[in-house]
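Notes to accompany the following structure.
The values are calculated or read from the model by the stated rules, or taken from the named source; none is laboratory data. Remember, predicted model here, so these are calculated numbers, not experimental data. Don't worry about glycine lacking a Cβ; one is built from the backbone with ideal geometry, like all the others, and counts go over all protein chains shown.
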């Protein structure tokens, strides 16, 4: 009775009743199959000291996902069959040729262990042997030089993060990952997306070290999606660093060659999640970023620079 009177007095005063915490955890029922479609597009603009105009290029990936829950193991953890099908790498149209779509066969066929927090715990590759496939990031000049240039290696990482290319549990396929604790609207949690040189917050000298680059997830509460109620979750990743500061810590000679190499990336994802089984209904990512390389010989103009704009969508096609 006391709770009822308290709620009535709050409503009379125009206050909002407290929201009960929500435990975000997938209900993974054996025999259920989820089918998704992923479309990934990256627009990259590059130029060097000899060119005033940015040269654009477009690349992307498209594939279908089939996830079948096979059996429950323990504490909600399941064994599942994960397959990527109809995998196509795309190189955008140029002035010299039409768009090139290259099928990547035989795709992926994995047996995984998946937790209720939407985290991949174990992977067994069932895919037949195949020739190494070129991933679309290699279409960018930066990525082509990764093996020869450690600076290019770090810059390439922002392109990979913008396309969510990397470990399976860091892809959009198994996103969002959920927190252990229950959440209310406005609550946040973090999930590692990759690693990047960043200033050590606890260091008085502000030294830079390779640290985790985390997505910060925020639970937004219930929202309407396709005419139905769904949990809305947003995530954001920010990287803003200077590679010269990082390399010069151990090799001061770097400053004799380069004055600064700023690198940045901002990525945002909006997810809608089913209110009963907590499977992802839809996920849409946007990312922007870039880099500039300034040499001591040319202090007023970047000798090389690039900008990126990425779009990814994960869309549920069916659940049976």
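The set of residues in the stretch 156-166 that are touching a helix residue (DSSP H, G or I) at 6+ places or on another chain (Cβ under 7 Å) and either free of Cβ contacts under 8 Å to residues at least 60 places away in the same chain or over 13 Å from residue 44 (Cα atoms) (or both) comprises 156, 160, 164, 165, 166. The numbered conditions (1) touching a residue at least 40 places away in the same chain (Cβ under 8 Å); (2) crowded, with 17+ Cβ neighbours inside 10 Å; (3) farther than 30 Å from residue 297 by Cα; (4) touching a strand residue (DSSP E or B) at 6+ places or on another chain (Cβ under 9 Å) are all true for residue 46 except (3). Residues that are within 15 Å of residue 175 (Cα to Cα) and under 17 Å from the mean Cα position of the chain (by Cα) within the stretch 274-290 comprise 280, 281, 282, 283, 284, 285, 286, listed in sequence order. Against the criterion of being modelled with pLDDT under 95, out of contact with any helix residue (DSSP H, G or I) (no Cβ under 9 Å at 6 or more places or on another chain) and more than 18 Å from residue 316 (Cα to Cα), residue 22 does not qualify.
Among the residues in the stretch 173-187, are any assigned to a helix (DSSP H, G or I), over 26 Å from residue 262 (Cα atoms) and either out of contact with any strand residue (DSSP E or B) (no Cβ under 6 Å at 6 or more places or on another chain) or modelled with pLDDT of 90 or more (or both)? Even if it seems obvious, please write down each step before you answer.
First pass over the stretch 173-187, keeping only residues assigned to a helix (DSSP H, G or I): 173-174.
When the remaining residues are screened for being over 26 Å from residue 262 (Cα atoms), the result is 173-174.
Next, from what is left, pick out any that are either out of contact with any strand residue (DSSP E or B) (no Cβ under 6 Å at 6 or more places or on another chain) or modelled with pLDDT of 90 or more (or both): 173-174.
Within the stretch 173-187, one or more residues are assigned to a helix (DSSP H, G or I), over 26 Å from residue 262 (Cα atoms) and either out of contact with any strand residue (DSSP E or B) (no Cβ under 6 Å at 6 or more places or on another chain) or modelled with pLDDT of 90 or more (or both).
Within the stretch 86-103, the set of residues being out of contact with any helix residue (DSSP H, G or I) (no Cβ under 9 Å at 6 or more places or on another chain) and over 18 Å from residue 164 (Cα atoms) comprises 86, 93, 94, 95, 96, 97, 98, 99, 100, 101, 102, 103.
For (1) at pLDDT 95 or above; (2) not in a strand (DSSP E or B), each residue gets a yes or a no:
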{"site": "265", "(1), (2)": "no, no"}
{"site": "272", "(1), (2)": "yes, no"}
{"site": "276", "(1), (2)": "yes, yes"}
{"site": "281", "(1), (2)": "yes, no"}
{"site": "284", "(1), (2)": "yes, no"}
{"site": "288", "(1), (2)": "yes, no"}
{"site": "300", "(1), (2)": "no, yes"}
{"site": "315", "(1), (2)": "yes, no"}
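Taking the criterion of being under 18 Å from residue 168 (Cβ atoms) and either out of contact with any helix residue (DSSP H, G or I) (no Cβ under 7 Å at 6 or more places or on another chain) or assigned to a loop (DSSP other than H, G, I, E, B) (or both), the residues of the stretch 49-72 that qualify are 62, 63, 64, 66, 67, 68, 69, 70.
Of the residues in the stretch 77-98, at least one is more than 23 Å from residue 182 (Cα to Cα), under 23 Å from the mean Cα position of the chain (by Cα) and outside any strand (DSSP E or B). Take the stretch 156-168 and flag every residue that is crowded, with 18+ Cβ neighbours inside 10 Å and modelled with pLDDT of 85 or more. 156, 158, 159, 161, 162, 163, 164, listed by residue number.
Regarding residue 260, is this residue surrounded by fewer than 18 Cβ atoms within 10 Å (Cβ to Cβ) and farther than 19 Å from residue 48 by Cα? Spelling it out, it is not the case that residue 260 is surrounded by fewer than 18 Cβ atoms within 10 Å (Cβ to Cβ) and farther than 19 Å from residue 48 by Cα. The residue that is surrounded by the most Cβ atoms within 10 Å (Cβ to Cβ), among those in the stretch 211-253 that are assigned to a strand (DSSP E or B) and in contact with a helix residue (DSSP H, G or I) (Cβ under 8 Å, 6 or more places away or on another chain), is 237.
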